[in-house]
Each structure stands twice: as C-alpha cells, then as structure tokens.
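Structure first, then comments.
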Amino acid sequence: MLRTKIHIALSSIGLVLGVSAFICFCIVYANIEAGMWALLSGINAGLALMLHCHYLKESLHVNFSRKSLQYIGDIGIIGFVAGGALMIFYIFLETYYQADVTPIETSIIIRLVWSFMMTKWGIMLYWTTKKYLKTYNDHQLFSENPNIEET
C-alpha cells in the first residue's frame, strides 16, 4: 500500500505540473508546442493517478474491465511513441541550430523537456496498466455472479 501511495503522490505531482505548464507556456509565453506536450504529459499522469486511486480503494475491478485497461495502456504507448519521436526531433533541432533556452517563446529545449516528460508518463501509464492487468483473475470471469438475473 505504501508503494501505491507513493505512486499516487508522484502522479499527482505530474498532473499538476503538466496542467500548470500548459497554462504557463500557452497563455503567458505563447509557446504552444511546449504547452501541448505538457498537457499530454499531464493527461497521461492523470490517467495513471486515476488507476492508482482505484487500486488503492479496491474498486479497480469494479470500474474497469480488462479491455478498458488495455485501451488505457494503448494511450500510454501512443504517448510514449509520440513523445519519443518528438524528443529525437527536438534533439536534432537543438544540435543543428545550437539554440539557447531564451527566448522562451521559441525555445527548443523547453519543447524537448516536455516531450521527454510525455515519453516518461506514457511508458509509466503503460507499465501501470500492465501491472494492474496482472491482478485480474481469469477464473472470476467464469464464476457465477449473484447479481445477474437468469432469463
């Protein structure tokens, strides 16, 4: 349970930082790309937070089927692959142009950092869904459910 609480704290930090960076970069600095990657990072962290909270409350099996967890894992893989591709692209741009961090409006390094965070939270979301999918018992699927009426 302590590990789950630590994961909840880290996912909460990731969610708050992603959403606040989105607001900061999009509204204050007009760096739309960095803001979008921060928002997608925050969404992945928020999904991981939701899964951890449901697991802690022991309501994961009630609210999510195997298929829905697999779909959430697919969102994580998409975030990982897209973030990784963006990270490679921004590394290339940074080495080619040798740009500085300032001005923030056009900073490639800030975009690189948030594409890395999107990659990180994408793989963490995928790992979380795989971990929680292992807790599902296949024998429960074929047992009698007293809540289902027979017709």
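The values are calculated or read from the model by the stated rules, or taken from the named source; none is laboratory data. Small disclaimer: the values here were computed from a predicted structure and weren't measured. Here Cβ is always computed from backbone atoms with ideal geometry, including for glycine, and neighbour counts include all displayed protein chains.
What the table shows:
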quantity	calculated
Region 1-28, residues that are closer than 30 Å to Tyr136 by Cα, in contact with a helix residue (DSSP H, G or I) (Cβ under 7 Å, 6 or more places away or on another chain) and among the β-branched types (Val, Ile, Thr)	Thr4, Ile8
Residue among Leu93, Leu133 that alone is closer than 22 Å to Ile78 by Cβ and either of a type in the set (A, V, I, L, M, F, W, C) or modelled with pLDDT of 95 or more (or both)	Leu133
Subset tally (residues that are surrounded by 14 or more Cβ atoms within 10 Å (Cβ to Cβ), over 16 Å from the mean Cα position of the chain (by Cα) and hydrophobic (A, V, I, L, M, F, W, C)) for region 44-85	3
Helices (runs of 4 or more DSSP H) contained in region 29-103 and holding at least 3 residues without any contact (Cβ under 8 Å) to a residue 40 or more places away in the chain, touching a helix residue (DSSP H, G or I) at 6+ places or on another chain (Cβ under 7 Å) and on the phi < 0 side of the Ramachandran plot	32-56, 66-97
Out of Ser107, Ser41, Ser115, sole residue that is surrounded by 20 or more Cβ atoms within 10 Å (Cβ to Cβ) and over 27 Å from Ala9 (Cα atoms)	Ser107
